[in-house]
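The values are calculated or read from the model by the stated rules, or taken from the named source; none is laboratory data. These figures come from a predicted structure and were not determined experimentally. A quick note on method: Cβ atoms are made from the backbone with ideal geometry, for glycine too, and the neighbour counts reach across all protein chains shown.
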Amino acid sequence: MVKYLSDINKIGYYRFRHPEACLILDTNILLLFLIGIYDKGYLKYCPLMTDNGKNYTEEHFDLLEKILKIFIGRIVITPQILAEVNSLSRIRLFKGKKLNEYFPRIIQEIEKWEENYIHFRTLLKEREQVIQFGFTDISIIATAKDKGYAILTDELDLYRNFLEQVAIISFSTIVAYELHKVGM
Amino acid sequence: MSKTPREIVLAAYKYLADITPPTQKISEVRIEEFVPVGSGIKKKWMVVLSYDNIGEFPFDKKREYKEFEITDGGEVVSMKDKKSRKESE
């Protein structure tokens, strides 16, 4: 088993070995993709991409597309992720006409994906984790554990805490290896 | 003069190796984050390395995360524990 999914080849191999596995996208990653498909050029100016220190640009979007192609037809989100994407997009992105173009475009993509719902009482069985990570992150972890799906995140905290429990891909590690060509 | 990304990461790794006491062993080093910070002459790199810190006994193993700030010229400016949110509280 490939334990650390630290480059595109390992992700491809993981997918080959687990043909039924889906990929759950974390909120930041989903925003990178959705903003990118609407307007790649906007990424480097977008406050949601710069304020978090990640400074995602077109090349990050292209890399993300490569990863998503490995899981084509097998992308999963949770209602909590969708709610975060909706609020952040409305508060921090475009206004007026552009917002009215953005949502129809992203809906075209979201329609292709699956949603996994977990009741909040189930999430609250992991009360301490919910307090530490929030409902959204724990909905992702619960889905991954329940269904055996992989996770793509850029949150180091989430990655390091659950690395031994679920298949979790750190987008930051992939960026280091694939864009900057550095690995140990 | 700007260093290559590989040289930047190696600067972090060398710094870590230099300050690690001989009684400790580090293994399974991984690059967790490699992010440019700032631009022009103020450009720096934020590198996060993780590794297994093996104590006196093999079972006494702990995964540690260190964050390095490195100039574009490859000089390590700082290194600190990358604490998880829980540890930071």
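Tabulated data for the structure shown
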quantity	calculated
Pairs with Cβ under 9 Å, 6+ apart, first in region B:1-25 and β-branched (V, I, T), second assigned to a helix (DSSP H, G or I) and crowded, with 18+ Cβ neighbours inside 10 Å	B:V9/A:A176
Residues being within 18 Å of B:M79 (Cβ to Cβ) and within 12 Å of chain A (Cβ to nearest Cβ) - total across region B:18-34	7
Leading residue by the ranking (nearest to the chain's Cα centre (by Cα)) among those in region B:1-17 that are over 15 Å from B:S78 (Cα atoms) and more than 11 Å from chain A (Cβ to nearest Cβ)	B:K3
Some residue of region B:13-27 being assigned to a strand (DSSP E or B), touching a Phe, Trp or Tyr at 6+ places or on another chain (Cβ under 7 Å) and more than 21 Å from A:D157 (Cβ to Cβ)	yes
Single residue of A:L68, A:L93, A:L99 found to be free of Cβ contacts under 8 Å to residues at least 60 places away in the same chain and touching a strand residue (DSSP E or B) at 6+ places or on another chain (Cβ under 8 Å)	A:L68
Within region B:53-76, considering residues that are under 11 Å from B:A12 (Cβ atoms) and of a type outside the set (D, E, K, R), the one nearest to the chain's Cα centre (by Cα)	B:F68
Of all residues in region A:138-156 being under 21 Å from A:Y56 (Cβ atoms) and in contact with a strand residue (DSSP E or B) (Cβ under 8 Å, 6 or more places away or on another chain), the one that is surrounded by the most Cβ atoms within 10 Å (Cβ to Cβ)	A:I140
Matching entry among A:Y45, A:Y56, A:Y4 (being more than 14 Å from every other protein chain (Cβ to nearest Cβ) and at pLDDT below 95)	A:Y45
Looking only at region B:8-27, and only at residues there that are loosely packed, with under 13 Cβ neighbours inside 10 Å and in contact with a strand residue (DSSP E or B) (Cβ under 7 Å, 6 or more places away or on another chain), the one that is farthest from A:K181 (Cα to Cα)	B:Q24
Test result for A:R74, of a type outside the set (D, E) and free of Cβ contacts under 8 Å to residues at least 40 places away in the same chain	no
Selected residue (criterion: farthest from the other protein chains (Cβ to nearest Cβ)) from residues of region B:35-56 that are in contact with a Lys or Arg (Cβ under 8 Å, 6 or more places away or on another chain) and of a type in the set (S, T, Y)	B:Y51
Residue match in region A:66-76 (condition: over 24 Å from B:W45 (Cβ atoms), of a type in the set (F, W, Y) and under 17 Å from the mean Cα position of the chain (by Cα))	yes
Qualifying helices (runs of 4 or more DSSP H) (wholly inside region A:93-184; at least 1 residues being within 14 Å of chain B (Cβ to nearest Cβ))	A:127-133, A:135-147, A:156-162, A:171-178
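For every residue, the table says whether it meets (1) out of contact with any Leu (no Cβ under 9 Å at 6 or more places or on another chain); (2) farther than 24 Å from B:E32 by Cβ.
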{"position": "A:T122", "(1), (2)": "yes, yes"}
{"position": "A:F135", "(1), (2)": "no, yes"}
{"position": "A:I138", "(1), (2)": "no, no"}
{"position": "A:A150", "(1), (2)": "no, no"}
{"position": "A:D157", "(1), (2)": "yes, no"}
{"position": "A:T173", "(1), (2)": "no, no"}
